[in-house]
Amino acid sequence: MVMQAYNQRQVVNDRIAENFSQYIRGIEEYYNPIENKTVKLPTGYQNIWTNNLGEYILSDNPNFNPNIGSNINWQKIEKK
């Protein structure tokens, strides 16, 4: 039981350290549905788009849509 409690505390401490590290570096985790993986991108943007080439567009403009006038399919991604 002592070892199980220790391991649980270590998991919590690891999560706290990771969150603090991301805060200090100014990044957040997002889920990229095209690549089916988590990516770390700069914080502070409300709209993030990705395409199948692995490119990202970060924007604060809620009306911006990179699919307009583009022949590449952009998909909006959300915070993890």
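Can you work out D for the chain in µm² s⁻¹ from Stokes-Einstein, where Rh is the Kirkwood radius over C-alpha pairs, the temperature is 20 °C and the viscosity is 1.002 mPa s? Here the translational diffusion coefficient equals 146 µm²/s. Using C-alpha pairs under 8 Å with a sequence gap of at least 6, the mean separation divided by the residue count of the chain gives a relative contact order of 26 percent. A simple spin-label model places the labels of residue 20 and residue 72 3.8 nm from each other, with each point 7 Å out along Cα-to-Cβ.
Throughout, read-outs are computed from the coordinates displayed, never taken from laboratory work. Because the structure is predicted, anything quoted here is derived from the model rather than measured. Methodologically, a virtual Cβ is constructed for each residue, glycine included, from the backbone with ideal geometry; neighbour enumeration extends over all protein chains shown.
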